[in-house]
Structure formats: C-alpha cells, structure tokens
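A.B. asks: After the structure tokens below, expect a handful of questions from me.
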C-alpha cells in the first residue's frame, strides 16, 4: 500500500442464515460427538445387545432351549420384539436421550468452549439446533444398524424375515422418533437447568415409570406413553411393571401419538433454542 | 467432518442398507407363495376344496402314541365305544388311522346351513368290511369320476326355527357319503362335499391353489401334530353370537391354532386382524385378561396362566401355551374322585337327545280387566 492511500474498507461477510449456521455446527460437532467417551458408552450398551442376540442364536443353533419362556417355544420375531421393548425402548433410547441431550450445551459450558461458538456471527439458537442434529446423526448411525443386525440374527428362528419386515421399518422409525423426542426434551433441560443429568435420569427412571403404572391422565405427560403405542410388537408380559401396565393399558391412536410426539419434539427444541438465545452463560473460573 | 467420521457413517449406513435390503428381498420373495406354500402340509390337502373356510389336521397316530394318551388310557380303561367301532368297521383307531385332514366350507347361499364338512383319513382300512357294513345299514354304492362312494341317506338334520323360512324347528334328511379316494385313503362327508373334494383333486383346484390359506398352513410349525387354520368370519357366523357381541368382536381376519401333544400339550393360537389398530385392541384385551388371571391366588391357575405367553407384531396376535404333564394331573384326580359323574355325563346327554321334544306350553289367555 502506497503512503497517503486510504484503505478500502473490506465489506463484512454476511452472517450465515439460521439453517446454514446450524448445518455448519452440525458438521463441526458430529465428529467430536462421535469420538467422545459418551459414544464409547453407547457402543458398549448397543454392542451388548448385538452380542446377546448372536449368542442366543448360536445357542439355538446347537439345540439349547433358549427361545422359550415359561416352557413355551417363542419365535425369533417375538424375541426380537422383546429386544425392542426391553433394551431399546425402555433403556437405550431414553438413556441416550438423557446423556447426549443434556450435554449439548452443558459440555461446552463445562469445557469453557462455549465462548468460541457464541462469538461467531451466528444465532445462538442455531448452535443448539446444529448440535441436536449432530446428536441425532450420531445415535441413529449407532443404534439403527444394531437393530438391523439383531433382526437378521433373530427373526429367521421359527419366523420369517419377509413377514417381519414391515415391523422392522416401524421399529426403525419409532426408535428414530424416540431418539429425536427424548433428545429435544433433554436438550431443553440441559439448556435450562443446572443439574440436567440428574433431572433427566429422574424423569426417565422415576417419573415415566411411575406415571405409566398409575391409571388416569398422568401418563399423558410422559413420552413413553405415546412412543409405546407405536410399537408393533406385543408388550412382553414379564415382571410386575409389565403386569401392571397390562392391566392399566390405554394406548392412544397412531395419529394422536404421532401428533403429540411432533408437538413435544418441535416445542421443546424451540424452547431449548430460545432458552440458549436468552440465557447468559457465566463460565466458572 | 473428518475422514474417520465419514468412514464410520458410511459403514453404519452400509449395514443399515444391507439389512433393510435383505428384509425387502425377503418381503417381496414371500410374495410368491405358490412356489413355497404349496409344498406345506399333507398331500391330502389336494382333496380339500379351494373355497374351504377352515382346514384342520391331526396326526392321530402321534396323538395315540403320546405319553398323554397313554396316561389317560391307564386311567380310563373302559373304551367300549372304541371296541364296538372296531368290531363293526375293522378299524382300530389306535393303530389303523395315521392322520386325518378335515375341512369345512362356508355357508350355503342365503345362509342355509348345508352340511359341508369333509374328513379325509389316511390309514389302513378293510374296504370290504366297510362296504358290507354300509350295505347292512341301507347304504347304496355309487361311482363318481372313478371313485367308489357308499351313500347313506335319511340322515336327519335339525333345522332351527327361522332358518330356511321355517317358523318352527324341523328335521330334514341329507346323505352321508363314504368315499374310497385312494388305497388307504377314505373321505367322509356330505354328498356335495365329497363330490367337490373329488373334483378339486382332479381339477387341481384344491386348497393348495388358495394362496391365503396355504400361507396360513405354511406358517404352522412342523413340530405340531394337530392344527387348524381358517377364516374367522366362518367361525363367528356359525357361533350364532348375538348381534351386540358380534359387533364388538375385534376385526379378526384369519386364525391358526396349533398344538403338539406328547407328555403335555404345547401350542399356539394366532390371529391375523384387519389392521394394526384391531391387533392392538385385541392384544390389550388378551393382555389385560392374562394380567388379571395371574393375580389369582390358586397356584394351579397361576401356573397355567404363566404358561400363556402373548407375542405377535403388526396385525398378528399370538398366544402360546404350554400345559405340562404335571398340570394335567388335575384331570386324573377328577376322574379318581368322581368317575361316576364323568362317565354318566354322555349317557345323560344321550338320553336328553333321545327324549321327544316337550311341546311348548300354550300361552294363558289374558284375563280381562275389571
């Protein structure tokens, strides 16, 4: 630059739109999230179910009476249905929702890296939405393949892959919806509350379990109530919890379930994004 | 996104696509039941007409040889009826019949109760003795498309009031036909049923050409020695349920019942509903009943209820059961305690049937009000 020459003001780059920003955050977060310690936990839990199913199949192949309950021979599709109920719907999906959802913002606050994200020229809400999408991608790409492996492994035992195929699609769909809804609820909890993990665990293993056993309208304030009505498999009649749920069973219709799950997902995701936009995060020194 | 992340996601997606692809191929592969299903079930299904609403099978030999049967035999030695049957027909039910296939067709036009049952039995039969017995009882020998038929007429069938335009209960006659279909294979049923059975076999338009029914039969586990499949509407219409109850029954399309009888009885009842919602409703009803049943204090009832296991997905509702031999001990106990009551029951029923109907009491004329 020559002396006396006035510098040409460089135009400020335009801030990316909300969704563009969310996609960039997604791109940035997905790798971090996938290779975190949390994913190792998820891998262990999901891997355990796959190992159990392979083990059961091998035992069945050598003639061990493993596909039996109360002396009754069960088909592979019935056992697959039990896996979806016990492992995925009642444990894996809510727990992953709690662990990942509550940490979307809390982790950044804890690591004191949230400042770097919030000083970028993007909406704060887009950060949360991007991280939520990353969570969804991470969990879907780990959970759903495991379901498919279990399906291929178990269903052919006294069953038919073809006949159970529509149920597999329903299972994959409802697990995706479950991960999204639980994730959105706990993203809000994580963005809003101080001890989100504790609150999340109490909600999943305390409130939801208790409300589902009590006759009346309380169960309408759980996610499990709407999610369980989408399950194409019969609820396994094992244990006191299942017994009581069987007595007080009252499933909403498919349309009502999908409607309320969508409302919960969008409502809590919006509330979480608004909460992040408005909240001032004070980093502890 | 790093390369490592992309590789992981690509691998996950590949597993997902491979699994879904396998399911998809299996799903559409199952769309050709004529290739696979026609091989299911006994060969005698070729004698079952294609429009049969219910088909059943029982491996009589296996059931007779079962431990359960042997135990019942030691406890109920007097089988006079069986002996008489053997003396007259030369057929020892214990040894001479291997298996039977039974079928029932739908109601006749206008809901008329035409006798439409058909039983095809495979075994060792003394044709001469059977034919002689039939002739003794006024049977007439006929030939139909190369098959020998023995027709017994004047078999009375009760026609209920209201049916076929009658205002009172009445009796009408029809024919029962015994047909020698093949060496070692006999068919018993109404004349129409036997003739349509022979036609079905000759024209290859038997139940094996009915893909819906053959799919149901193909789903029967090979280990079962007795089973029945069919359309639920056929049963519901025969049950003469009141309209209020019939309208509240879940929309069940087809049913399958199968059992393996040996030391105990294990089996499954399976129903296919019209849609997922009906299946959910049915599951809820059954699950609620099972849950209530399990709350009972009686240990025997609890053991029985615990053996009931509900499963099924989508439109299918399945209820498995297992009645172990220990649980069946309850039956011999009842016999030991009161054999008289049990054995006298059929006689009472017989007497009741033989007794002429009591004419209805004429209505009392109304008393004029004063």
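A.B. asks: Can you spot a residue in region A:120-132 that is in contact (Cβ under 8 Å) with a residue 40 or more places away in the chain, in a helix (DSSP H, G or I) and surrounded by fewer than 19 Cβ atoms within 10 Å (Cβ to Cβ)?
C.D. replies: So far as region A:120-132 goes, no, none of its residues is in contact (Cβ under 8 Å) with a residue 40 or more places away in the chain, in a helix (DSSP H, G or I) and surrounded by fewer than 19 Cβ atoms within 10 Å (Cβ to Cβ).
A.B. asks: Among the listed residues A:175, A:144, A:161, A:168, identify the single one that is within 7 Å of another protein chain (Cβ to nearest Cβ) and within 13 Å of residue A:92 (Cβ to Cβ).
C.D. replies: Answer to the selection: A:144.
Residue-by-condition table, conditions (1) modelled with pLDDT under 85; (2) within 16 Å of residue B:123 (Cα to Cα); (3) at the interface with chain A (Cβ under 10 Å from one of its Cβ atoms); (4) not in a helix (DSSP H, G or I):
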site	(1), (2), (3), (4)
B:9	no, no, yes, no
B:16	no, no, yes, no
B:38	yes, no, no, no
B:71	yes, no, no, no
B:81	yes, no, no, no
B:84	yes, no, no, no
B:94	yes, yes, no, yes
B:98	no, yes, no, yes
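A.B. asks: Return the total of residues in region A:105-134 being more than 14 Å from chain B (Cβ to nearest Cβ) and within 15 Å of the chain's Cα centre (by Cα).
C.D. replies: The qualifying residues number 3.
A.B. asks: If residue A:34 satisfies all but one of (1) closer than 19 Å to residue A:129 by Cα; (2) out of contact with any helix residue (DSSP H, G or I) (no Cβ under 7 Å at 6 or more places or on another chain), what's the number of the condition it fails?
C.D. replies: Unmet condition: (2).
A.B. asks: Does region A:149-159 contain at least one residue that is surrounded by fewer than 24 Cβ atoms within 10 Å (Cβ to Cβ) and closer than 20 Å to residue A:33 by Cβ?
C.D. replies: Taking every residue of region A:149-159 in turn, none turns out to be surrounded by fewer than 24 Cβ atoms within 10 Å (Cβ to Cβ) and closer than 20 Å to residue A:33 by Cβ.
A.B. asks: Is region A:161-174 home to any residue that is part of a helix (DSSP H, G or I), more than 25 Å from residue A:224 (Cα to Cα) and touching a residue at least 40 places away in the same chain (Cβ under 8 Å)?
C.D. replies: The answer is yes; a qualifying residue exists.
A.B. asks: Cβ contacts < 7 Å: first residue surrounded by 14 or more Cβ atoms within 10 Å (Cβ to Cβ), restricted to region B:111-131; second residue part of a strand (DSSP E or B) and modelled with pLDDT under 80, any location; separation 6+ or different chain. Result?
C.D. replies: Between residues of region B:111-131 that are surrounded by 14 or more Cβ atoms within 10 Å (Cβ to Cβ) and residues that are part of a strand (DSSP E or B) and modelled with pLDDT under 80, the close pairs are B:115/B:157; B:115/B:174; B:116/B:105.
A.B. asks: Which is part of a helix (DSSP H, G or I) and either surrounded by 19 or more Cβ atoms within 10 Å (Cβ to Cβ) or in contact (Cβ under 8 Å) with a residue 12 or more places away in the chain (or both), of A:183, A:206?
C.D. replies: Matching residue, one of A:183, A:206: A:183.
A.B. asks: Take residue A:83 and decide whether it is away from chain B (no Cβ under 11 Å) and within 22 Å of the chain's Cα centre (by Cα).
C.D. replies: Here the answer is yes, as residue A:83 does meet what is asked.
A.B. asks: Sticking with this structure for a sec: Any residue that is out of contact with any helix residue (DSSP H, G or I) (no Cβ under 8 Å at 6 or more places or on another chain), at pLDDT 75 or above, away from chain A (no Cβ under 11 Å) and within 19 Å of residue A:81 (Cβ to Cβ) - is there at least one of those in region B:285-305?
C.D. replies: Looking for residues that are out of contact with any helix residue (DSSP H, G or I) (no Cβ under 8 Å at 6 or more places or on another chain), at pLDDT 75 or above, away from chain A (no Cβ under 11 Å) and within 19 Å of residue A:81 (Cβ to Cβ), one finds none in region B:285-305, hence no.
The values are calculated or read from the model by the stated rules, or taken from the named source; none is laboratory data. Computed from a prediction, not measured in an experiment: that's the story for all the values here. Note: ideal-geometry Cβ built from the backbone for every residue, glycine included; neighbour counts use all protein chains shown.
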